[in-house]
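Everything on this sheet refers to the single structure shown next.
The values are calculated or read from the model by the stated rules, or taken from the named source; none is laboratory data. These numbers were taken from a predicted model, which means no experiment stands behind them. Note: ideal-geometry Cβ built from the backbone for every residue, glycine included; neighbour counts use all protein chains shown. For accessibility, only protein heavy atoms count, side chains too; no ligands or nucleic acids. Shrake-Rupley method; radii C 1.70, N 1.55, O 1.52, S 1.80 Å.
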Amino acid sequence: MIKTYIRTLTLVLCFLLLSPSLLFSAEKKNKDPIEITSDRMRSEDGGLKIIFSGNVVGYWGELKITSDILEVYNTKDKKETEEIVAIGNVFITRGQKRAKGDKAVYLDKLQKIILTGTPKATAWEEGNMIEGREMIFLLDKDRFVANNRVRMKIYPKNKEKEDNENRPTN
């Protein structure tokens, strides 16, 4: 009985942790502006590739990415960003959700972020965490996939704390 309860609780917690796409949601249809600050910036190929280096911090709405280097690849007409690559000490935050790795690639048309790390990339929310060498965030489908030797640690919610949060106030 207890084993069944623990197994069910683990499956429910896994679903709840991963279903909101750990870091991202597809709720925004309009595009937020991109704001990037760094120590240096260099433009190549007539503005098709822009490289930011040194203490890079990028904001896209609520999403924040920090890294050593950030490469922005624009379309040939320079009206849209095709791809953004963050390299070195990549740290992504959005609200209470965080992820870190060695490299992150954002593909705008596919609405996908691929986070990789050696030996691992890590994502966590509060005390819960998941590790793998590759994590894929499918933004428009509100899904998350972890590959290559995945490890997950989920803590059960404190029942007393949960009851207090759900108790009506007078």
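Which residues, counting only those in the range 50-80, are under 14 Å from ILE34 (Cβ atoms), in a strand (DSSP E or B) and in contact with an Asp or Glu (Cβ under 6 Å, 6 or more places away or on another chain)?
Selection gives TYR59, TRP60, TYR73.
Looking at ARG42, ARG94, ARG98, which is the one that is open to solvent by 40 Å² or more (accessible area, probe 1.4 Å) and more than 16 Å from PHE144 (Cα to Cα)?
Numbers: ARG94 fails: more than 16 Å from PHE144 (Cα to Cα); ARG98 fails: more than 16 Å from PHE144 (Cα to Cα).
Within the list ARG42, ARG94, ARG98, the selection yields ARG42.
Quick one: in the range 110-124, which of the residues that are within 22 Å of THR81 (Cα to Cα) and modelled with pLDDT of 85 or more is most open to solvent (accessible area, probe 1.4 Å)?
My answer is LEU110.
Do you know which of the residues in the range 125-143 that are assigned to a strand (DSSP E or B) and either modelled with pLDDT under 80 or of a type in the set (A, V, I, L, M) (or both) is most open to solvent (accessible area, probe 1.4 Å)? Steps first, answer last, please.
Taking the range 125-143 as the starting set, the residues that turn out to be assigned to a strand (DSSP E or B) are 125, 128-138, 143.
Filter again for either modelled with pLDDT under 80 or of a type in the set (A, V, I, L, M) (or both), leaving 125, 129-130, 135-136, 138, 143.
On the way: GLU125: 46, MET129: 24, ILE130: 6, MET135: 0, ILE136: 31, LEU138: 31, ARG143: 121 Å².
Only one residue tops the list, namely ARG143.
Taking the conditions exactly as written (touching a residue at least 40 places away in the same chain (Cβ under 8 Å) and either over 24 Å from GLU35 (Cα atoms) or of a type in the set (Gly, Ala, Ser) (or both)), does LYS141 satisfy them or not?
Yes: the conditions hold for LYS141.
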